[in-house]
Ligand code: S3P
């Protein structure tokens, strides 16, 4: 079993929920890049975007990933949805461990995020259009960073986790 498992995918694709379940089933520690950055900077993601801007946040993500590349511990990493799409992160993600792209359709993402207020990139404008256009720009990066693509539409967290476990055993 690989000792570093990385979950990538769009906001609302289930990375955090699947990460929690995978962590329970493997006993590996769960890391969430957003939470680690928020703890380090002592600010929410919304505040970081507002005070420092997206570019600075992207550099924080890369810094976090580079530090993690040196870790010798086993872990499940749940990444922020934009992480594979900036700097050298896609390459780094592949080098660090076994990466799974949790692929979700715009409809299911929209459904999961309909009441969400924690994602600065989806705050203004037509949410469905934003999801659609961001997702189509990002798809190639997700695929570049992924070792395995997992289709998530219509599946439960347990089913997705089971699929991943079956692939890493
Ligand atoms: C972002 C996704 C978020 C968070 C930030 C930016 C993105 O993480 O990193 O709001 O650019 O897609 P989640 O994918 O956990 O929502």
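The values are calculated or read from the model by the stated rules, or taken from the named source; none is laboratory data. Fair warning: this is a prediction, and the values are worked out from it, not measured in the lab. All Cβ positions, glycine included, derive from the backbone under ideal geometry; neighbour counts span all protein chains shown.
Does any residue in region 8-27 that is within 14 Å of residue 81 (Cβ to Cβ) and at pLDDT 95 or above come within less than 8 Å, Cβ to Cβ, of a residue that is part of a helix (DSSP H, G or I) and more than 15 Å from the ligand (Cβ to nearest atom) six or more places away or on a different chain, and which pairs are these?
Hits for this filter: 14/160; 18/160; 18/161; 18/164.
Against the definition (closer than 21 Å to residue 144 by Cβ and surrounded by 13 or more Cβ atoms within 10 Å (Cβ to Cβ)), how does residue 33 come out, yes or no?
The answer is yes for residue 33.
Restricting attention to region 110-166, which residues are within 22 Å of residue 92 (Cα to Cα) and at pLDDT below 95?
Selection gives nothing.
Mind listing whichever residues of region 109-118 are farther than 21 Å from residue 44 by Cα and within 14 Å of the ligand (Cβ to nearest atom)?
109, 110
Go through (1) within 15 Å of the ligand (Cβ to nearest atom); (2) buried (at least 21 other Cβ atoms within 10 Å of the Cβ); (3) under 21 Å from residue 169 (Cα atoms) for residue 17 and report which single condition fails.
(2)
Please work out which residue is surrounded by the fewest Cβ atoms within 10 Å (Cβ to Cβ), limiting yourself to region 85-107 and to residues that are over 11 Å from residue 6 (Cα atoms) and in contact (Cβ under 8 Å) with a residue 60 or more places away in the chain.
103
For region 153-166, enumerate the residues that are under 17 Å from residue 2 (Cα atoms) and in contact (Cβ under 8 Å) with a residue 60 or more places away in the chain.
Matches in region 153-166: 161, 164, 165.
Can you tell me which of 31, 22 is more than 9 Å from the ligand (Cβ to nearest atom) and touching a helix residue (DSSP H, G or I) at 6+ places or on another chain (Cβ under 7 Å)?
22 is the lone residue from the list that is more than 9 Å from the ligand (Cβ to nearest atom) and touching a helix residue (DSSP H, G or I) at 6+ places or on another chain (Cβ under 7 Å).
Determine whether residue 68 is touching a residue at least 60 places away in the same chain (Cβ under 8 Å), crowded, with 17+ Cβ neighbours inside 10 Å and out of contact with any helix residue (DSSP H, G or I) (no Cβ under 6 Å at 6 or more places or on another chain).
For residue 68, the condition - touching a residue at least 60 places away in the same chain (Cβ under 8 Å), crowded, with 17+ Cβ neighbours inside 10 Å and out of contact with any helix residue (DSSP H, G or I) (no Cβ under 6 Å at 6 or more places or on another chain) - is not met.
Read through the list (1) assigned to a strand (DSSP E or B); (2) more than 13 Å from the ligand (Cβ to nearest atom); (3) out of contact with any helix residue (DSSP H, G or I) (no Cβ under 7 Å at 6 or more places or on another chain), then give the number of the only condition that residue 5 fails.
All conditions pass for residue 5, except number (3).
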